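Novice: Got a structure for you, questions after.
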Amino acid sequence: MADTPKSSVPGTRLKSAKPTLRTIADLTGFAVTTVSRALSNAPQISVETRRRVHEVAADIGYLPDRAAQRLKTGRTNVICVLLDPHEEILGYGISLMHGLAQALQDTPYHLIVMPNFIDGANIDAISHIVRNGMADGLIFSRTEPFDPRVRLLLENGFPFVTHGRTEFTTPHPYVDYDNFAFAYEATKRLITRGRRKPMIILPPKRMTFSQHLLHGFMTAVREAGVAYEIPDEIDLDCPVEQIRDYMSRRAGEPGAPDGFACGGEVSALATITGMSDHGLTLGLEYDIVAKRTSKLLSQIQPKVETIYEDLTDTGTRMGQVLLARIAGDKTTDMQVLLQPQIDFAGV
């Protein structure tokens, strides 16, 4: 009996050879150098030729040898995102990554996501990436006024963009949300609705956007000449149950606030739960204006007025800025401040 060919033995499978530039050249009839330039979208190659080469490459599952590319170009074609666990901001990671993916579509760049824990020494993660040449560019958030990560990257000339600003005199690329405008408009809305003692829950004081929120809030209350409250016992990084318990206790004490500017949907929901412990009704005894990043709050608590932050657009802008920074493009605006989108009824 003849030996059974290996390809027909149950449980085995012959691996096909990995597609190469030569494979694409044989299938298209183009020279290997033409294929290589077409895959790099070289302007010298016609649009039709580039389209055909990319089409065949996709059909056969061609992937470039990244190690070889790095030796040839000195680039990794990798963009690294240090992602923080934003529990306060619903859908933060998903929305941001969706926007980044849109910006990097049809480019050779790949995204690598690394967790960046709030209590960790996050400068170590940056140093590791820069020292080992693990990426061509970096994206990170939760900036501080004199952020050591920004200083390190500026000193090393490493391309990056931050979600948030700093107070360095040396300009650096960023995409940020105008938190001053958010806090100012939210607080003005509460006062317009007749609330005489607004409260704002701020992020930890070390964050730059905590200062922006505080400035916007204080500008609004001082213009109106109303009382206000800023709690020291809680911030936006606190667990939701801690915010709820604080609100519940404060609602039962004298001089409790009657309007709340909430920097996210989680703190808004915690506030509603805490106030309801004392039988207080949203829209009657108190009002909330919250920053919205998803559709959750409007679906379950439509009485909460909101101001929208488009995190998908933020991700797209960050990707565009970083690509321009890597390419040395000096025409693209490297500092983007996104404006709040007000959802108030009748506005």
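Novice: Are any of the residues in region 57-80 modelled with pLDDT of 85 or more, in a loop (DSSP other than H, G, I, E, B) and surrounded by 14 or more Cβ atoms within 10 Å (Cβ to Cβ)?
Specialist: yes
Novice: Still on this structure: Please name all residue pairs, on different chains or six or more residues apart, with Cβ atoms under 6 Å, provided the first residue is in region 122-145 and is more than 14 Å from L83 (Cβ to Cβ) and the second residue is open to solvent by 30 Å² or more (accessible area, probe 1.4 Å).
Specialist: I123/P148; V130/N156; D136/R75; E144/R206; P145/E167
Novice: Under the condition of being out of contact with any helix residue (DSSP H, G or I) (no Cβ under 9 Å at 6 or more places or on another chain) and part of a helix (DSSP H, G or I), which residue from region 1-32 is modelled with the highest pLDDT?
Specialist: Once the filter is applied, the top-ranked residue is D26.
Novice: Just to be sure, is I243 within 27 Å of the chain's Cα centre (by Cα), over 17 Å from A345 (Cβ atoms) and crowded, with 20+ Cβ neighbours inside 10 Å? Quick ask: steps written out before the conclusion?
Specialist: On the way: within 27 Å of the chain's Cα centre (by Cα): yes; over 17 Å from A345 (Cβ atoms): yes; crowded, with 20+ Cβ neighbours inside 10 Å: yes.
When the stated conditions are applied, I243 passes them.
The values are calculated or read from the model by the stated rules, or taken from the named source; none is laboratory data. Remember, it's a predicted structure, so these values are computed and weren't measured experimentally. Positions of Cβ are backbone-derived with ideal geometry, glycine not excepted, and every protein chain shown enters the neighbour counts. Protein only, heavy atoms only, side chains kept; ligands, DNA and RNA dropped before computing areas. Shrake-Rupley method; radii C 1.70, N 1.55, O 1.52, S 1.80 Å.
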